[in-house]
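Below: one structure, written as structure tokens.
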Amino acid sequence: MRIGELARQSGCDVETVRYYEKAGLLPAPSRSESGYRQYMPPHLERLQFIRHCRSLQMSIPDIRILLEFQAQPTSGCQGVNDLLDHHIELIQVQMHKLQSLEQQLMKLRHQCEQPHLVQECGILQNLSDVASSTDSGGHTQQHTTA
């Protein structure tokens with residue numbers, strides 16, 4: 001199959017296929033006499049594996065490691081477990097940060113319970129006050145105004 005067909009069957013675009021080839025995740029296909037790439041079913045399987053990993057927010061380096069493990073089917077899978085455990089830890093940290101962000105935004109949202117003029121908006125005032133009280137590289141805790 002040609003690159004367009006591979007992309008269609010895998011649900012991605014042609015540029016993504018080329019990117020994964022350049023990144024070394026997808027092996028280069030053979031070429032026809034006219035120079036077209038000729039992909040085989042293993043290319044599709046590997047591309048689907050890569051896309052599934054990406055849907056789980058795995059990084060390209062992590063996918064590369066998983067592909068290396070996959071290429072050694074008789075070796076132990078502790079490295080796979082370790083990689084997934086590390087990925088789970090990263091997701092947990094990210095979730096904690098997102099929950100903190102949600103709490104900050106909810107607290108900020110309560111600064112302006114009733115609609116009124118923008119010049120009296122507690123949200124905008126709080127954002128301005130916090131922005132003016134932070135240094136150029138840092139963040140400070142949000143403060144509340146009535």
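Assorted remarks:
Residue-wise test of (1) more than 28 Å from SER10 (Cα to Cα); (2) touching a residue at least 24 places away in the same chain (Cβ under 8 Å); (3) hydroxyl-bearing (Ser, Thr, Tyr); (4) surrounded by fewer than 10 Cβ atoms within 10 Å (Cβ to Cβ).
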position	(1), (2), (3), (4)
CYS53	no, no, no, no
ILE63	no, yes, no, no
LEU67	no, yes, no, no
VAL80	no, no, no, no
GLN104	yes, yes, no, no
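- Hits in segment 106-126 (condition: touching a residue at least 24 places away in the same chain (Cβ under 8 Å) and touching a Cys at 6+ places or on another chain (Cβ under 7 Å)): GLY122
None of the figures in this text is laboratory data; all of them are computed from the coordinates on show. Just so we're clear, the structure is a prediction, and the values are computed from it rather than from any experiment. Positions of Cβ are generated from backbone atoms using ideal geometry, with glycine treated the same way; all protein chains shown enter the neighbour counts.
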